[in-house]
Each structure stands twice: as C-alpha cells, then as structure tokens.
Amino acid sequence: MGGYWSRKRLILTIVVFTALAAVTSWFAVMPYLENKANDYNSQSMYRNTDIDFIAPEPSFAQIEELPGTNGIKKVFPFYLTKAQVTANGNNKTTTVLLSDRFDNIDLTMYNEKRLIKKSDKAYDDAVYVDWSFCQNTNSTIGDIVSFEIAGRRVEYHIYAIYESNTVYEGGTVLVQINDEIKEEIKSNSKNNGYSGMYIEASDYNTCRAYLISDYRPLGRLKNREQFDDEDQYNIHYDAIMSSGYANEITDFRIREAEYGKQGNFILVLICNIMSFAIILFFNYLMEKRGCEKIYFKKQCIPIGRKVTSYYVISFFVEMMLSITIYVGILVYKICNASLYITSSVFDFWVILFPIVVLIAEIISLVKNLSMVSEITRKVNEELKAKEEAEKKAKGEAERKSSEGSKTNNQGDAMKSVGSK
C-alpha cells in the first residue's frame, strides 16, 4: 500500500499541506506575533522598569540633592552621545549611554526583568547592550564593542543583552565609566552636569508637578568664566531659570497608558477555519476517486490485503508534513525578525493550527476507515454471493451430470433386455 500511496497521493499531499502551513504561518500567525511583540516591546520600557520620568541635563549638585525631595525617590544620571560603534567587525552609529553611578542601575531599562541573557564570566570592562544593537551588528555575549570617548578609543566586552531600549532608535549600549573618563568628559563639555537622568518617584503627583513647573536643568548653566562680562552671564542665567521645561520631561506612566493593544487574531482564525475545511475536502476528494476504490476492490480486499494502512499513512504524513512546515517557517521568521519576540507573546492562537490539523485528520481518518469497512463488507458479500452461486452452479451441474449418467445406465439396461 505504501508504494501505491506514493504514486497516487504523495505529490497532492505535499502541495496541499505545504500551502496550508505556509499561508497560515507566514501571512497570518507571524504578523500576529510581530504585532504582539511590537506592543510588548513598547510596553516593556514602561512596565518593566521603575522609571517614572526622564529629565534633561541635571547638574552634578542636583543629582546629590534631589533624591528624597519633591516626590523623588531615586535617580540614575547618564551621559548620552551618538557614536560610531564597532562590534564583531560591524560598524554602527549607535546611542551610547555612559554613567559613573551604577548603584541604581535596577531603576533603568537594564534590569533583571528585561534581561535576555548574560555572560557566565565577569568582565572588568563590561558593556550592557540591547537586542536591537546585537541584531544590527550581529554581535553576542563576549564580543568586543569599541568606540571613542572624549577623543580616545575604548573597548568593552558584551556582558549582558536586554530587551530593546525603545526610548532610543537603532540599538543602545550602556557603559559604566570610571572617574578618569568622567573627568575627560567634563573637561570636553561646556556644561556642568549630565545629559539626563532617569527618575523613580516616591510620590508620582508631587514629582510630576515639580518637574513640570519648577525643575530647571542646571547642567546647562555654564560657568561665569565662560562669559566676557557679568551682563552676558546674567542673560544666560535668566534664560535658563525663567524658561519652562515641561515639554522636555518624558512621563513613563502616560506613555504606558498609550499601549496595551492586543494582536489581531481574526486573520489567524480565518486561516485556520479555511485549513480545517480544505483538509476535510481534500480527504473527501481522495476518497471519492474511482481509482482507489477500483484498486481496493479488485487487487486488495479480495486477496486479504489490509486497505486501512493506506489511510493511516495519509493521516501521519499529512499531519507531520503540515506541522513541520508550519513550525519551520515560524522558527525561520522569528530568527530573522527585525524586533525582539519574547516567549510571552506565544498563546493559544499560535498552537491553533496544529490542533486544527489534528482534529481534521482524525475526522478524515475515521470517515475513511468507515468507508473502507463498508467497501470491505460489500466486497465480502459479493465474494460470498459469487461463491454461493458458483457452488450452486457446480451442484446443479453435478446433479445434471448424475441424472444424465442415470438415464444412460437405464438406456443401456433396456437395450440389454431387448437383445435377449
């Protein structure tokens, strides 16, 4: 039966079930996963960190003074620059965050909740990167990342990879700098502070009111020595102190409320319903083919060959082929996706196709086996009727032969009496 199945059904099975698996995975399930992953990545920045606000350019003094006041619990100051970064032989212009204050790193987007993987080996020159950076540079744990800081080239080893830092585009790296590099940055800067700070609030409303109304980025305040006279300095000072900076404050809680959409599963549902119907229809057409029934009736059932193996082969090949193609395409697409796809986005709609295939195949197998049983019964009845007819004909022939022999014997006896 295996050879006959290969000749008569294999090609059609490959075409139909490969098409079903490809269309469902490529055009329905993968877009669904990407939508959910995009939403997850957008939410993760706001839900999986303790950041409530990002404020621009605090002074060194403000970093020391603000925690514990104005509803502010903790701060994480950082320098921000765009740099040409080299990793694994690939060059990429990337956002680089630098900080000498790593005591509050758990406050940032580089925390355990967002960790994807990290090195088993500790590095003195560790750099923290996000998934987008690794994707763009084809780099991973242990690779060397190099770029220029304050005019000199520095190298670091990738120690940990985190979910994408979507606050900044194109991938981001975070580096812990020592006092020497900090002093070099300060000497090359005209400002008296950091580029920005992440803020965790102890009282959200109080903190927000302060940042919107009263916060001043004193890191922008230049030294008096940088001006030719007192009037110029006063103009500079008044400009900073009298301006409002509400539009430069990033409120993470407001951003969080903007997300939370669910992936659209309608297309996934439609594709699975169509797959279910097509599988049943395909098996129905195969069952109705005259060649199979003729082959079964003439060359299999009459000599006692098992016909059920034909449909058992179909059941396993169709199921395994479609599920293998389906999973293979998803794995390929996920490995080559342009955004990080976390395991948390996989849900019932992703495993629906294998379930649909299994149910449709079981229904088809039961129906086909029922059909085989019916054909077998009819063939056996026909064979039995034929045997009975042949037996009856044989008996009738024997009876006629016996009667003819008896008649001949009587005729011979009468001839013998007449001759006497």
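The values are calculated or read from the model by the stated rules, or taken from the named source; none is laboratory data. Computed from a predicted structure; not experimentally measured. Quick reminder, even Gly has a Cβ in these numbers, built from the backbone with ideal geometry, and neighbours come from all protein chains shown.
What the table below lists for this structure:
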quantity: Residue under evaluation residue 103, criteria (1) more than 29 Å from the chain's Cα centre (by Cα); (2) more than 26 Å from residue 141 (Cα to Cα), criterion not met; calculated: (2)
quantity: Strands (runs of 3 or more DSSP E) fully within region 8-101 counting 1 or more residues that are of a type in the set (S, T, N, Q) and assigned by TED's automatic domain parsing to the domain that holds residue 125; calculated: 72-87, 90-99
quantity: Test result for residue 159, farther than 16 Å from residue 57 by Cβ and hydroxyl-bearing (Ser, Thr, Tyr); calculated: yes
quantity: Qualifying positions in region 251-271 - surrounded by 13 or more Cβ atoms within 10 Å (Cβ to Cβ) and at pLDDT below 90; calculated: 252, 253, 255, 256, 259, 263, 264, 265
quantity: Flag for residue 234 being among the polar types (S, T, N, Q) and farther than 30 Å from residue 85 by Cα; calculated: yes
quantity: Subset of region 4-59 [in contact with a strand residue (DSSP E or B) (Cβ under 9 Å, 6 or more places away or on another chain) and of a type outside the set (Phe, Trp, Tyr)]; calculated: 49, 50, 51, 52, 54, 55, 56, 57, 58, 59
quantity: Of all residues making up region 70-100, the number that are in contact (Cβ under 8 Å) with a residue 40 or more places away in the chain and at positive phi; calculated: 3
quantity: Residues of region 205-250 that turn out to be surrounded by 15 or more Cβ atoms within 10 Å (Cβ to Cβ), farther than 17 Å from residue 58 by Cα and either hydroxyl-bearing (Ser, Thr, Tyr) or modelled with pLDDT of 90 or more (or both), as a count; calculated: 1
quantity: Top-ranked residue in region 153-211 [being assigned to a helix (DSSP H, G or I) and polar (S, T, N, Q); ranked as farthest from residue 253 (Cα to Cα)]; calculated: 187
